[in-house]
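The values are calculated or read from the model by the stated rules, or taken from the named source; none is laboratory data. On a predicted model such as this, the values are computed, not experimentally measured, just so you know. Here the Cβ positions follow ideal geometry from the backbone for every residue, glycine too, while neighbour counts run over all protein chains shown. Ligands, DNA and RNA are excluded from the accessible area calculation, which covers all protein heavy atoms including side chains. Shrake-Rupley method; radii C 1.70, N 1.55, O 1.52, S 1.80 Å.
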Amino acid sequence: MAPSSSVTTMTSRFHESVTKNAIRSYIAEFISTFFFVLLVVGSGMSSRKLVPDATLNPTSLVVGAIANAFGLSSALYIAWDISGGHVNPAVTFAMAVGGHISVPTALFYWVAQLIASVMACLLLKVIVVGMHVPTYTIAEEMTGFGASVLEGVLTFVLVYTVYAARDPRRGPLSSIGILVIGLIAGANVLAAAPFSGGSVNPACAFGSAAIAGSFRNQAAYWVGPLIGATVAGLLYDNAMFPSHATDPIMGISQGIRV
């Protein structure tokens, strides 16, 4: 492809990423991610309020899983028809790599998601006086690499479920599909929270770390999930259920709609 043609294509994609409909998508992502992070991080703070040593109490693990399941299901429900309801930079990354959305659109999604996460954690810090915003930590039994692998594998499970639930060839996305995605998120917390923190969402990890002022082991919550999400998306699209032509700007495909 000629350089001028490439530049023209990139310019066109950028312009279509700042249309009115595109901006609506970014706002929807901001709102949904804000609600999700507020519920997830807020549930962690609630557990610590009621049970001082929440890290050793299995009840706090169940509370976190329920908050993730219900929170993600609700966030997806209010946004999927506008933005696709990514609510997770790893999902957005997989969609961009797979060609379901353009790179400029993915970057705007990331900005909306990360700002929303920071704002949600900041709100909790301001209104809950005397408590610190909890951050995701790695257990002593885990290395940074091990935590990244665990987060990556669980993100693979989440994103593969997202692809399957939203594939129009399986029928229109229903409330059951949205609930299934939420249940997988809750199951991920039950499986990983005591070891790697069970973030499976780089935005959640970033927001709480930014407000707490500590980015220790932050790479584990980005590298693993981004790789896991990408593998899940490519496997679903190219091996399990090959998709057809996709509009890289609006994210509309005969395979997956986002």
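Below are the figures for this structure:
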quantity	calculated
Yes/no for Val200 being in contact with a Ser or Thr (Cβ under 6 Å, 6 or more places away or on another chain), open to solvent by less than 20 Å² (accessible area, probe 1.4 Å) and either acidic (Asp, Glu) or under 24 Å from Ser60 (Cα atoms) (or both)	yes
Complete set of residues in region 72-83 that are buried (at least 24 other Cβ atoms within 10 Å of the Cβ) and part of a helix (DSSP H, G or I)	Leu72, Ala75, Leu76
Residue that is modelled with the lowest pLDDT [pool: residues in region 125-142 that are open to solvent by 100 Å² or more (accessible area, probe 1.4 Å) and closer than 17 Å to Gly44 by Cβ]	Val129
So Val63, is it hydrophobic (A, V, I, L, M, F, W, C), surrounded by 18 or more Cβ atoms within 10 Å (Cβ to Cβ) and on the phi > 0 side of the Ramachandran plot	no
Considering residues of region 1-51 that are modelled with pLDDT under 80 and either surrounded by 20 or more Cβ atoms within 10 Å (Cβ to Cβ) or basic (Lys, Arg) (or both) only, the residue farthest from Met131 (Cα to Cα)	Arg13
Residue in region 146-161 that is among the charged types (D, E, K, R), touching a helix residue (DSSP H, G or I) at 6+ places or on another chain (Cβ under 9 Å) and touching a residue at least 12 places away in the same chain (Cβ under 8 Å) present	yes
Within region 143-161, tally of residues that are touching a Phe, Trp or Tyr at 6+ places or on another chain (Cβ under 9 Å) and open to solvent by less than 50 Å² (accessible area, probe 1.4 Å)	6
